[in-house]
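A.B. asks: Take this structure, written in structure tokens, and hold onto it; I'll ask about it next.
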Amino acid sequence: MYWIIILTVSIDQLCKYLVRNFMDYGQSIPLINGVFQLTSHRNAGAAWGIFSGQKIFLISIAIIVIVFGLIYSRKVSDKLTRIAFGFFIGGAMGNVVDRLIFGEVTDMFEVTFINYPIFNTADVFLVSGAILLMISTYRESKTQKNLS
């Protein structure tokens, strides 16, 4: 699981480095016209800018989630669950790194056909980890139910 955390943080920070250093702030590069584009954006809050300027609060919440995730993940042996925790913890760490170094996160993925916040690779890993954790939990509950 630890290699997944290291890999996700590394991928996240590389993508954010590329956006910060090779795109102008606000610049957009269409990837699928009218659907999806890369946009150089910064966010001092969470999704849709909620908790904007609450850096200490957001870092504190993320650190609590990371610590509990690390503690709990050591108690599980299921491979999917460990991968889920690796993605989730790595995503949280990626955004914490940004907040600690820059005071805000670098976002770059913009879905243009709906009103959705611009997000980053750490967010993708966080959501992927959460989805995998739900699948793992559902799968485990089905196994337990079949054993009863």
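The values are calculated or read from the model by the stated rules, or taken from the named source; none is laboratory data. If you're wondering where the values come from, they're calculated on a predicted model, not measured in any experiment. Glycine also receives a Cβ, built like all others from the backbone with ideal geometry; neighbour counts cover every protein chain displayed. Surface areas here come from the heavy atoms of the whole protein model, side chains and all, with no ligands, DNA or RNA. Shrake-Rupley method; radii C 1.70, N 1.55, O 1.52, S 1.80 Å.
A.B. asks: Which loop chymotrypsin sites (Phe, Trp or Tyr not before Pro) in the stretch 110-148, with loop taken from DSSP, have no more than 10 other Cβ atoms within 10 angstrom of their Cβ?
C.D. replies: Details: sites: F113, F119, F125, Y138; in loops: F113.
Within the stretch 110-148, the qualifying chymotrypsin sites (Phe, Trp or Tyr not before Pro) (loop, at most 10 other Cβ atoms within 10 Å) are F113.
A.B. asks: In deg cm²/dmol, rounded to 500, what helix-only [θ] at 222 nm does the chain give when every DSSP H run of at least 4 residues adds -39500 (n - 2.57) and the total is split over its residues?
C.D. replies: -21500 deg cm²/dmol, from helical runs alone.
A.B. asks: With a 1.4 Å probe and every protein chain left in place, work out the accessible area per residue of the chain in Å², rounded to a whole number.
C.D. replies: Working: 8880 Å² over 148 residues.
Heavy-atom SASA per residue in the chain reads 60 Å².
A.B. asks: Could you work out the relative contact order of the chain, using alpha carbon pairs under 8 angstrom and six or more residues apart, expressed as a whole percent? Can you show the working numbers first?
C.D. replies: Working: 216 pairs, mean separation 46.1, N = 148.
With pairs under 8 Å counted, the relative contact order is 31 percent.
A.B. asks: While we're looking at this one, here's another question. Run the simple label-point estimate for W3 and V127 please: 7 Å along Cα→C-beta, distance reported in nm.
C.D. replies: Going from the W3 label point to the V127 one covers 2.8 nm.
A.B. asks: Please compute P(r) over all alpha-carbon pairs of the chain, binned at 5 Å starting from zero, and give each bin as a whole-number percent.
C.D. replies: 2, 10, 17, 20, 18, 14, 10, 5, 3, 1, 0, 0
A.B. asks: Comparing A44, A84, A122, which has the greatest mean-square fluctuation in the GNM of the chain with Cα pairs linked when under 10 Å apart?
C.D. replies: A44
A.B. asks: Now, a different point. For labels at V97 and S60 in the simple 7 Å Cα→Cβ model, what's the distance in nm?
C.D. replies: Result for the modelled spin labels: 2.5 nm.
A.B. asks: Follow-up question, since we're still on this one. Would you look at the GNM of the chain, springs on alpha carbons closer than 10 Å, and say which of R20, R99, R74 moves the most?
C.D. replies: R74
A.B. asks: Also: For the stretch 25-90, which chymotrypsin sites (Phe, Trp or Tyr not before Pro) are in a loop by DSSP, counting at most 12 other Cβ atoms within 10 Å?
C.D. replies: The qualifying sites are Y25.
A.B. asks: Also, quick follow-up: Leaving out ligands, DNA and RNA, what percent of the accessible area of the chain is carbon and sulfur, probe 1.4 Å?
C.D. replies: It is 68 percent, rounded to a whole number.
A.B. asks: For a Förster distance of 35 Å, can you work out the FRET efficiency between the beta-carbons of A44 and K79, rounded to the nearest 0.05? Numbers along the way, then the final one.
C.D. replies: On the way: r = 37 Å, r/R0 = 1.05.
Calculated transfer efficiency: 0.40.
A.B. asks: Springs between alpha-carbon atoms under 10 Å, Gaussian network over the chain: tell me which of T137, T106, T81 tops the mean-square fluctuations.
C.D. replies: Of the options given, T137 has the highest mean-square fluctuation.
A.B. asks: Which lysines, if any, have their Cα less than 25 Å from the Cα of K16, not counting same-chain residues under 8 positions apart?
C.D. replies: Partners within reach: K55.
A.B. asks: Could I ask something else about it? Could you derive backbone 3J(HN,Hα) for the stretch 124-139 from the dihedral phi with the Karplus parameters 6.51, -1.76 and 1.60 (θ = phi - 60°), listing whole Hz in sequence and x where the residue is Gly or Pro?
C.D. replies: Those phi angles translate into 4, 5, 4, 5, 4, x, 5, 5, 4, 5, 5, 4, 4, 5, 4, 4 Hz.
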